[in-house]
Amino acid sequence: MTILVTGGAGFIGANFIIDWLQSDGESIVNLDKLTYAGNLRNLASVEDDGRYAFIRGDIGDRALISRLLTRHKPRAVINFAAESHVDRSIYFAEDFIQTNIVGAFRFLDAVSGYWGELPVEEKAGFRFLHVSTDEVYGSLEPDDPAFTEANRYEPNSPYSASKAAADHLVRAFHRTYGLPVLTTNCSNNYGPFQFPEKLIPLFIHNALAEKPLPVYGDGRQVRDWLYVRDHCNAVKRALKAGSAGEVYNIGGLNERTNLEVAHALCDILDEMRPRTNGDSYNSLIALVQDRPGHDRRYAVDASKIQRELGWKPAETFETGIRKTVTWYLENQDWVTAITNADYRNWIEKQYQ
Ligand code: NAD
Ligand code: DAU
């Protein structure tokens, strides 16, 4: 038995593959285009595992996908591949449309064709799991209830709009062709291997380099933080026990403002790696120009996956953030290797 994952060289996909091979015997094929966000170093610990295979390629390459499916005969596929950074989508929306919509459609189409030819009993057990985001539901006011699976789609960035479009296609392939799909809509992840363009790894990286920690706007936007391994476990639960055609929201039950996150990081760094000048890292926090269209608050009601599939997060924000800071402190060579000229160009463009 084999499963095929896409985007497995990125942050969540790599954590998923490592976790999968540690806890399960099944072989896993990773298809990844290796964009700036894809990094095979993330998978160094599993590259010699006989159950793991890597193929470089694009989810939008129908012929390649069909060949892979015929060759590896997966019993399930998980689509992690996407352009994932909201700020980049504001400058380069086209890349997001290509991968997150056109690529997702072609991938769905190729998988649907493969699934249609499977023997009856394999067809019933097959799953197409699409990894999506809570951002498709838009933005909440401070006292609004958390997003449920029944919330209206109201995406506000080119990124979230592209993810919303893919979610609709996934749903349509189920309703029209019967493809046994699952969609998961997850809140903000953090943990090992996250590219230092996202809030938490960027702030750790900047703090250690004695650079400002750029908090957008008033810093009172709220995100619901989930440790990445908890997300991986939720995806595994959905794959194993989820009902075809269903949507599952996944959240950390950890709402924090961005300023609270920044202070928490600074306090842990003060303890673990005090600055040589004796100041607190908190003095590096700087309010900067806001992100256009910045969503004010996300919060996820994860009661459906808790109730129906028995999943709940193992980490609190306090335990997960400590593990994360520790990982970055112990893996500075990983950070150094990816903060190359392309990375520096992006940071200069974004924070000039
Ligand atoms: P990431 O940017 O770290 O990794 C994305 C991976 O996809 C990279 O390895 C990249 O090379 C690959 N990729 C991009 N375009 C591709 C293409 N056309 N074909 C094949 N591979 C391609 O992203 P992430 O943070 O790991 O997110 C993974 C998925 O989870 C995404 O679908 C994202 O929308 C979703 N998600 C992320 C979060 C989060 O907080 N990071 C939360 C909820 C949902
Ligand atoms: O909610 C799930 C989503 O979470 C995923 O779908 C996305 O792929 C993922 O990137 C993430 O999106 P966000 O935009 O919420 O994450 P980001 O880390 O970019 O920003 C988190 C918050 O911090 C957000 O309110 C913007 C703010 N921020 C971010 C950066 C990079 C800052 O204040 N300063 C920064 O420099």
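The lone criterion from (1) open to solvent by less than 30 Å² (accessible area, probe 1.4 Å); (2) out of contact with any helix residue (DSSP H, G or I) (no Cβ under 9 Å at 6 or more places or on another chain); (3) among the acidic types (Asp, Glu) left unmet by GLU135 is number (2). Mind checking which residues of the stretch 201-228 are open to solvent by less than 10 Å² (accessible area, probe 1.4 Å) and within 7 Å of ligand 2 (Cβ to nearest atom)? Result: LEU202, VAL215, GLY219, GLN221.
Candidates in the stretch 189-200 are the residues that are closer than 19 Å to GLU315 by Cβ and open to solvent by 10 Å² or more (accessible area, probe 1.4 Å); of these, the one that is nearest to ligand 1 (Cβ to nearest atom) is ASN189. Could you tell me whether ASN345 is outside any helix (DSSP H, G or I), farther than 20 Å from TYR190 by Cβ and more than 13 Å from ligand 2 (Cβ to nearest atom)? Considered against the rule, which asks whether it is outside any helix (DSSP H, G or I), farther than 20 Å from TYR190 by Cβ and more than 13 Å from ligand 2 (Cβ to nearest atom), ASN345 comes out as no.
Look at (1) at pLDDT 95 or above; (2) within 16 Å of ligand 1 (Cβ to nearest atom); (3) closer than 24 Å to GLY13 by Cα and you find that ARG291 fails only one, number (3). Among all positions in the stretch 285-296, there is no residue which is assigned to a helix (DSSP H, G or I) and loosely packed, with under 14 Cβ neighbours inside 10 Å. The residues of the stretch 297-352 that are aliphatic (A, V, I, L, M) and either in contact with a strand residue (DSSP E or B) (Cβ under 6 Å, 6 or more places away or on another chain) or open to solvent by 80 Å² or more (accessible area, probe 1.4 Å) (or both), listed by number, are ALA299, VAL300, ALA302, ILE305, ALA314. Please work out if PHE96 is open to solvent by less than 70 Å² (accessible area, probe 1.4 Å), assigned to a helix (DSSP H, G or I) and away from ligand 2 (no atom under 16 Å from the Cβ). Against the criterion (open to solvent by less than 70 Å² (accessible area, probe 1.4 Å), assigned to a helix (DSSP H, G or I) and away from ligand 2 (no atom under 16 Å from the Cβ)), PHE96 does not qualify. Within the set THR2, THR6, the sole residue that is in contact with a strand residue (DSSP E or B) (Cβ under 6 Å, 6 or more places away or on another chain), buried (at least 19 other Cβ atoms within 10 Å of the Cβ) and closer than 19 Å to PHE128 by Cβ turns out to be THR6.
Checked against the criteria, PHE105 does not count as farther than 30 Å from TYR351 by Cβ, at pLDDT 95 or above, open to solvent by 60 Å² or more (accessible area, probe 1.4 Å) and outside any helix (DSSP H, G or I). The residue that is farthest from ligand 1 (Cβ to nearest atom), among those in the stretch 170-188 that are surrounded by 19 or more Cβ atoms within 10 Å (Cβ to Cβ) and of a type in the set (A, V, I, L, M), is LEU179. Taking the numbered list (1) open to solvent by 20 Å² or more (accessible area, probe 1.4 Å); (2) touching a strand residue (DSSP E or B) at 6+ places or on another chain (Cβ under 6 Å); (3) of a type in the set (S, T, N, Q); (4) closer than 30 Å to PRO292 by Cα in turn, ASN79 passes all entries but (1).
Here ARG41 fulfils each of the conditions (1) more than 21 Å from GLY125 (Cα to Cα); (2) crowded, with 16+ Cβ neighbours inside 10 Å; (3) more than 16 Å from the chain's Cα centre (by Cα) apart from (2).
The values are calculated or read from the model by the stated rules, or taken from the named source; none is laboratory data. Everything quoted here is computed from the prediction, not taken from an experiment. Because the Cβ atoms are built from the backbone with ideal geometry, glycine has one as well, and the counts that use them run over all protein chains shown. The accessibility values were calculated without ligands, DNA or RNA, using every heavy atom of the protein model including side chains. Shrake-Rupley method; radii C 1.70, N 1.55, O 1.52, S 1.80 Å.
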